[in-house]
Amino acid sequence: MITDILGAVFMSMGLFVIAVSVLGVFRMKTILTRMHAASLLDTMGLFLTLLGAAFFMLDVAGVLKLVLVLVLMWIAAPLTTHLIAKMEFYLREGRLLNKEDKSL
């Protein structure tokens, strides 16, 4: 019973963070501020939602799968965000990206 309540509370908090960050993605003007709002979805929103889902799991294997999803997202999200920010920097700077450019 208490695990159901904790699971519902954490999932509700996670969905609230996700909703606010989606609103931030649409409301922000520049790509860098949009990326900041989207990073909240990747880190805090996903963590709270998966933590709430872990309270509903009945076996350890299910919880370990959720932890694996969380770890993989926490590894992949900063890498893609960094690449998007680097591309935005190069586009603002006016540099053309070609095969000889080894900085990427």
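The values are calculated or read from the model by the stated rules, or taken from the named source; none is laboratory data. Given the structure is predicted, the values throughout are model-derived calculations rather than measurements. FYI the Cβ positions are ideal-geometry reconstructions off the backbone, even for glycines, and counts take in every protein chain you see.
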What residue, among those in segment 23-77 that are within 10 Å of the chain's Cα centre (by Cα) and among the polar types (S, T, N, Q), is farthest from S12 (Cα to Cα)? S39
Scan (1) in contact with an Asp or Glu (Cβ under 8 Å, 6 or more places away or on another chain); (2) at pLDDT 90 or above for the single condition F16 breaks and write down its number. (1)
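For (1) touching an Asp or Glu at 6+ places or on another chain (Cβ under 8 Å); (2) not β-branched (V, I, T), each residue gets a yes or a no:
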| residue | (1), (2) |
| --- | --- |
| G24 | no, yes |
| M28 | no, yes |
| T33 | no, no |
| H36 | no, yes |
| L40 | no, yes |
| A53 | no, yes |
| F56 | yes, yes |
| V63 | no, no |
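Kindly establish whether T30 is hydroxyl-bearing (S, T, Y) and either within 21 Å of L6 (Cα to Cα) or at pLDDT 90 or above (or both).
No, not satisfied.
Among helices (runs of 4 or more DSSP H) lying entirely in segment 1-76, which contain 2 or more residues that are closer than 30 Å to Y90 by Cα and either among the small types (G, A, S) or touching a residue at least 60 places away in the same chain (Cβ under 8 Å) (or both)? First the steps, then the outcome.
Values: elements: 2-27, 31-40, 46-56.
Passing ranges, in order: 2-27, 31-40.
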